[in-house]
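For reference, the structure discussed in these notes is given below.
The values are calculated or read from the model by the stated rules, or taken from the named source; none is laboratory data. Source: prediction; values computed, not measured. Positions of Cβ are backbone-derived with ideal geometry, glycine not excepted, and every protein chain shown enters the neighbour counts.
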Ligand code: UDP
């Protein structure tokens, strides 16, 4: 039987590709044909880092479109990348969809688009194709975006998105109060990036009611208050490969699985796992303070030091560091994070609080040491420390540095106070219930699948008339 066919389009960033790839795999499991559309650069990175390279070809058709920049241009310049994609990709996407539709059994039933790609929703509308938005960030973050006009009207931000009033507000009556300085686009230290992100927010808000579905990588068990204010959102998360006992895919770097063997040799609930996602950059002073703080903690640790993680060209560890930590510390350049967090030896997660990392830690019942860096990470930290109370944040000194002493002392506090682990296990149970049969996220996903198949049958019935 010819299957429903869904085109899936993520934003070209690690924290977007991984959860959308997981969504794509779940669609495949439900007898949906999936074409996954990356930019060329990300397509090459993802397919070359896919460990079981033959596996994906059977599951998902991976395709790519140019992002409009020259091959040598810097894609970490996000304002430039976003502008280039929105100018050059709509025509390419339309052409691609037309070419796919020509093949009799491949007509696109629906496109699933990352909410940071509003131009793709516009393409779907122009072509009369059903669309669905997917938000890989928290609903609280999304709430800031959906409330952008209220924030402008209330004079919280100006028309360039810059923060004017630093205060606590409620975005809706039932939601937890949030700090205006934690609103997603405000939390960048570069005004060009704030302006570009704000422009994207306005465009995303404008098309936010067009798609038939607005899926979120969240659950009512974690964000009941925020979700109650936005009934149009359908939480289907946490979308983690580890919940299906499958491998997390879509990595931008090659995972180092040897750290799992090292974890096997450690005692239960003894290891600190330290990872700051795919964007975070450290200066050399801060990097050394962290290294020494971990050394002083006297605990086993597994630390992800991504290539290019420090602002300097090469990352330098303090003198004699590797010899001193010996086998007590393990440093890798990229970890199979979901497997690491599910490992019984891991005691806690020192994290930048990206939403995927937050969900991955929460799902595994882990307490957090929070080190947010930019964007939505401050809002996520606020969930962890102020609302779920499953972790502690680090305080900076007058020079803006998180010192070795602060790191050592917060590690001790987290290990010595059982309340964080108890609360983390309690939330884990609730989250588990939402993704198992009958749970809220599971039911929403089933309804979404039914809708896709109905949409497809309807389209085919019309063609046959
Ligand atoms: N990740 C990984 N290995 C690592 C570090 C991170 O697989 O060593 C994955 C992690 O599991 C998560 C994603 O990269 O799914 C990072 O997304 P997140 O939203 O946490 O942070 P971002 O990179 O967007 O800042």
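Among the residues of the range 126-147, those that are touching a strand residue (DSSP E or B) at 6+ places or on another chain (Cβ under 7 Å) and not in a loop (DSSP other than H, G, I, E, B) comprise 130, 131, 132, 133, 134, 135, 139, 140, 142.
Every listed requirement among (1) more than 12 Å from the ligand (Cβ to nearest atom); (2) in contact with a helix residue (DSSP H, G or I) (Cβ under 9 Å, 6 or more places away or on another chain); (3) at pLDDT 95 or above is met by residue 4 save one, (3). Contact map, the range 8-28: residues that are within 15 Å of residue 118 (Cα to Cα) paired with residues that are away from the ligand (no atom under 14 Å from the Cβ) and in a helix (DSSP H, G or I), Cβ distance under 6 Å, separation 6+ or inter-chain. Pairs shown: 8/24; 9/120.
Residues that are in contact with a helix residue (DSSP H, G or I) (Cβ under 6 Å, 6 or more places away or on another chain), in contact (Cβ under 8 Å) with a residue 24 or more places away in the chain and more than 16 Å from the ligand (Cβ to nearest atom): which strands (runs of 3 or more DSSP E) entirely in the range 189-308 hold 2 or more of them? Passing ranges, in order: 233-235. Within the range 370-386, residues that are over 16 Å from residue 184 (Cα atoms) and without any contact (Cβ under 8 Å) to a residue 40 or more places away in the chain sit with their Cβ atoms under 9 Å from residues that are within 12 Å of the ligand (Cβ to nearest atom) and in a loop (DSSP other than H, G, I, E, B), at 6+ positions apart or across chains, in these pairs: 370/352; 370/353; 384/353.
So that you can scan it fast, the table gives a plain yes or no per residue for (1) in contact with a helix residue (DSSP H, G or I) (Cβ under 6 Å, 6 or more places away or on another chain); (2) exposed (fewer than 15 other Cβ atoms within 10 Å of the Cβ); (3) part of a helix (DSSP H, G or I):
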position: 95; (1), (2), (3): no, yes, yes
position: 105; (1), (2), (3): no, yes, yes
position: 119; (1), (2), (3): yes, no, yes
position: 171; (1), (2), (3): yes, no, no
